[in-house]
């Protein structure tokens, strides 16, 4: 009971390092190794296939890493109590942020294959592209790419660093001093991530532009982050690493977030589509034309159905948000759809607009996924999977979701 | 007009005591009792074993109705009754109608949910009977109507006193 203090003394509280099963760990190592190999072979032999694949995987896991930091920052700023027991899960995703810089370094070699602006010949022959030279050029692009990575690393140090220090010292002041840093992060994130998504994804089709692009990419980021957090929350509880701290009430609230941002994704996606469809200006419709022919229409429809309609309808009843099996299924579905969404954003610009999907996409994605999983596992082995000394932990332990 | 009942009410000054009282009454098999608190007390639903409200189902069905009405409205006005060519687009252009359909979905769902809430709660109550004016600020009451299973005034008074009630009073109408 929420307000009966004698009750929660009986709950056994435990937060011990999360040790993934050896199978999962071996799989992650194998995936990372295979992906690394595929990337190296691809760079020498299949440039045109490997770079879009790497861009997709790099963007996918960068989104999850920053999404985790965003979750933590939002809950520091709002001084949320209920989330203090699940906040660390988001923080564990940020372990991938240093690898964003490594990924950025690798990506530099693929810029010429990926981006028309990076090709001096195209730049010279294309008048419309040439006027964007002041923005789309090597030095400024690299400054933005690495500037964003370093900025995220810096904020990770400030926000997650405080959270981890608190585990050892128990100093309440750290929670309060994380607030201004979180506010600063939210500004840096909204500007930085918008540019990040414009630079990496919108610049693939440099004549075209959409002013809602950053928000669209954010809506995918946040929906996928909640799905991944729910899956990790179940993994932490089921492995026995966390006892008492995380219960169905926290899962229920995370699932509410998931449902809310499922609608948000549809709202933003439709806002982008409807204005372009209505105005029907050739330079704007290009984007959707590429995604309505040569088999892409099916994938566009699949996104509408499986990224919005189905998860939305499934998540409506209260019982589903509190049932492990169905909720996990929806979360996996959302994560697959985030992949499909990025595939839909990137691939129509390549392979003469034909739908192509092969071993190299799978291997490169598995490789980056392996690195992401290993970095998160390492974080959860080294640190407590719950922010045990959070001054608002009592609120999380007494969390009770009314009907 | 809502029907009023007479019965007996206990008044408590602490939140945890009213919860305990509610739990006790529930376990004794009382079915028709009610609690009156100045704010939503966490755990009260579980203590009284109140079933979940049916309003979400009303909302869902109303939303579907709104969605369909929006579809019919836009289709009938734009493609049947008064077709106007806008930018060479088909008369029935779903993307253009989605905002209207969405708004009507929300409008129907919201208005009918509120209507259902009023109906289920018997609102509005004009000049409702009062057990104690302080129930809106710092007191908690548990009311057992005369029609309750195994209603026995003396036993209930005794029970309320055991549960630490600050006051037990007969209520002519609630």
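The numbers here are math on the coordinates, done by the rules we state, and not lab data. Treat the numbers as computed from the prediction; the structure is a model and nothing was measured. Note: ideal-geometry Cβ built from the backbone for every residue, glycine included; neighbour counts use all protein chains shown.
Note the angle between two axes, namely the Cα long axis of helix B:94-121 and the longest principal axis of the Cα atoms of chain B, as a number of degrees from 0 to 90, rounded to the nearest 10.
Helix B:94-121 and the main axis of chain B meet at about 20 degrees.
Against the longest alpha carbon principal axis of chain A, how many degrees, from 0 to 90 and to the nearest 10, is the axis of helix A:324-346 turned?
With both axes taken from Cα atoms, the answer is about 20 degrees.
Which shape class, rounded, prolate or oblate, goes with the stretch A:169-261 when its Cα gyration tensor gives a ≥ b ≥ c as root eigenvalues, a/c under 1.5 marks rounded, and past that a/b bigger than b/c marks prolate?
Details: a/c = 2.98, a/b = 1.59, b/c = 1.88.
Because a/c hits 1.5 or more and a/b fails to exceed b/c, the stretch A:169-261 counts as oblate.
Does anyone have the angle between helix B:55-75 and the longest principal axis of chain B? Alpha-carbon axes, 0 to 90°, nearest 10?
10 degrees
Students often check this: by mean Cβ neighbours within 10 Å, which of B:16-27, A:37-48 ranks highest, and how do the rest follow?
B:16-27, A:37-48
Restricting to Cα pairs below 8 Å that are 6+ residues apart, what does the relative contact order work out to for chain A? Please round to a whole percent.
Once divided by the residue count of chain A, the mean separation gives 37 percent.
Taking each residue of B:37-45 in turn, how many C-beta atoms of other protein chains fall within 10 Å of its C-beta, and what is the average?
For this peptide, the per-residue mean of nearby foreign Cβ atoms is 3.
Does the stretch A:311-403 come out rounded, prolate or oblate by the C-alpha gyration tensor, with a ≥ b ≥ c the root eigenvalues, rounded set by a/c under 1.5 and, if not, prolate when a/b is larger than b/c and oblate if not? Don't skip to the answer; put the middle values down first.
On the way: a/c = 3.29, a/b = 1.57, b/c = 2.09.
Because a/c hits 1.5 or more and a/b fails to exceed b/c, the stretch A:311-403 counts as oblate.
Classify chain B: rounded, prolate or oblate, from the alpha-carbon gyration tensor (a ≥ b ≥ c, eigenvalue square roots; a/c under 1.5 rounded; otherwise prolate if a/b is larger than b/c)? Mind dumping the intermediate values first?
Values: a/c = 3.86, a/b = 3.47, b/c = 1.11.
Prolate, since a/c reaches 1.5 and a/b exceeds b/c.
Relative contact order of chain B: what whole-number percent is it, with Cα pairs under 8 angstrom and at least 6 residues apart? Kindly include the intermediate steps, with their values, before the conclusion.
Numbers: 221 pairs, mean separation 91.4, N = 174.
Worked out over chain B, it gives 53 percent.
May I ask you to order A:13-25, A:303-315 by the average number of other C-beta atoms within 10 Å around their residues, highest value first?
My ranking of the peptides, most packed first, is A:303-315, A:13-25.
For a label point 7 Å from the Cα of residue A:79 along Cα→C-beta, name the residues of the stretch A:168-204 whose backbone N is under 16 Å from it.
Backbone N within reach: A:172-183.
Could you check the simple spin-label distance between residue A:209 and residue B:52, using points 7 Å along Cα→Cβ, in nm with one decimal?
Going by the 7 Å Cα→Cβ label model, 4.8 nm.
Bins of 10 Å, beginning at zero and ending with the bin holding the largest distance: percent of Cα pairs per bin for the stretch B:55-121, please.
23, 39, 22, 12, 3, 0
Please report A:205, A:128 as a ranked list, fewest other C-beta atoms within 10 angstrom at the top and most at the bottom.
So the ranking, lowest neighbour count to highest, is A:128, A:205.
How do A:185-192, A:119-126 rank on mean C-beta neighbours within 10 Å, highest first?
Ranked by mean Cβ neighbours within 10 Å, highest first: A:185-192, A:119-126.
Sort A:79, A:389 so the one with the fewest other Cβ atoms within 10 Å of its own Cβ comes first.
Ranking A:79, A:389 by Cβ neighbours within 10 Å, fewest first, gives A:79, A:389.
In Å, what is the Rg of the alpha-carbon atoms in the stretch A:65-140, and how long is Dmax?
Radius of gyration, then largest Cα-Cα span, for the stretch A:65-140: 19.4, 57 Å.
Given the protein assembly as shown, what percent of its DSSP beta bridges are antiparallel, to the nearest 5?
100 percent
Work out the FRET efficiency for residue A:29 and residue B:102 from their Cβ-Cβ distance, taking R0 = 41 Å, and round it to the nearest 0.05.
0.30
For the stretch A:218-270, what does the relative contact order come out to in percent, with C-alpha contacts under 8 Å and a separation of six or more?
56 percent
At a Förster distance of 35 Å, what's the computed FRET efficiency of residue B:79 paired with residue A:306, Cβ-Cβ distance as r, to 0.05?
So, using R0 = 35 Å, E works out to roughly 0.75.
Across peptide B:58-65, how many C-beta atoms of other chains are within 10 Å of each residue C-beta, on average?
1
Along its principal axes, what span do the Cα atoms of the protein assembly as shown show, with the longest given first and each in whole Å?
Reported extents, whole Å, longest axis first: 97, 71, 40.
Divide by every residue of the protein assembly as shown the summed helix terms, -39500 (n - 2.57) for each DSSP H run of at least 4, and state the resulting mean residue ellipticity at 222 nm, rounded to the nearest 500 deg cm²/dmol. Provide the component values of the computation, followed by the final result.
On the way: 23 runs with 362 residues, N = 577.
Mean residue ellipticity at 222 nm (helix-derived): -20500 deg cm²/dmol.
Shielding by partners for B:86-97, please: the mean number of other protein chain Cβ atoms within 10 Å of each residue's Cβ.
Partner Cβ neighbours, averaged per residue: 2.
Using 1/(1 + (r/R0)^6) with R0 = 45 angstrom and r between the beta carbons of residue B:169 and residue B:91, what's the FRET efficiency to the nearest 0.05?
0.05
Can you tell me which of A:50, A:102, A:371 moves the most in a GNM of chain A? Springs connect C-alpha atoms under 10 Å apart.
Highest fluctuation of the listed residues: A:102.
Mind putting together the pair-distance distribution for the stretch B:1-100? All Cα pairs, 10 Å bins, whole percent per bin, short to long.
12, 25, 17, 11, 13, 14, 8, 0
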